[in-house]
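The values are calculated or read from the model by the stated rules, or taken from the named source; none is laboratory data. Predicted model only: the values in this text are computed from it and were never measured. All Cβ positions, even for glycine, are placed from backbone atoms using ideal geometry, and neighbour counts span all protein chains on display.
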Amino acid sequence: MKIIIRAIFGIMIAIALAGSASAMDMETLDRVAVLMPKAKVRLLIGDPDQYVQVGNLEVELYRLRNMNTLIGTACIYEDKERLVGQIFFFDGKGSNIAVERLIKNGYTLLEAKESSKILTGKDDDTGRPLMAFVFENSGMTVVMTFEKSFYDRKIRQVGKEN
């Protein structure tokens, strides 16, 4: 998990420095669902502002505007085909608010450390199990969600190796 967190910090910097900003709204962003093919994600939210490769995962970054504190999002694809994770970047320290909102939407808190929270829940569109991670860094709140079977195969294994 430490490798993923380090990569996320790099992604945060890329989001912060990206020059353009996508014009999408929350309703459109909410229609993106786990395991959706990349082509369908792109139809909904457009082309990304930037690409980052994290191991064998392709991460597409979108800088957002006019979305209150939500300043960026990222889509994570396995084998460049299916959406297996999303990251949401919020301006400011709001991890407690994010966790409360996830719990209100049916997530269960699994682990609470001072620096991060781990939750489990279901995708509101597909009903598929998800893992969610919430933490703060560099004045931002980050919410990462992963499709659970992908998390068990890839993310958890990386965490055990480190």
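With respect to (1) at pLDDT 95 or above; (2) within 14 Å of residue 147 (Cβ to Cβ); (3) over 13 Å from the mean Cα position of the chain (by Cα); (4) not hydroxyl-bearing (Ser, Thr, Tyr), the lone exception for residue 124 is condition (1). Within the range 113-159, how many residues are out of contact with any strand residue (DSSP E or B) (no Cβ under 8 Å at 6 or more places or on another chain) and either among the β-branched types (Val, Ile, Thr) or part of a strand (DSSP E or B) (or both)? The total comes to 3. Give the residue that is nearest to the chain's Cα centre (by Cα), with candidates limited to residues of the range 72-107 that are under 13 Å from residue 141 (Cα atoms) and hydroxyl-bearing (Ser, Thr, Tyr). The extreme case among them is 73. Put simply, of 141, 108 the only residue that is farther than 19 Å from residue 31 by Cβ, exposed (fewer than 12 other Cβ atoms within 10 Å of the Cβ), in contact with a Ser or Thr (Cβ under 8 Å, 6 or more places away or on another chain) and modelled with pLDDT of 85 or more is 108.
Inside the range 48-83, residues that are out of contact with any strand residue (DSSP E or B) (no Cβ under 7 Å at 6 or more places or on another chain) and small (Gly, Ala, Ser) make up a count of 1. The range 36-99 holds strands (runs of 3 or more DSSP E) entirely within its bounds, and those carrying 2 or more residues that are among the aromatic types (Phe, Trp, Tyr) map to 82-91.
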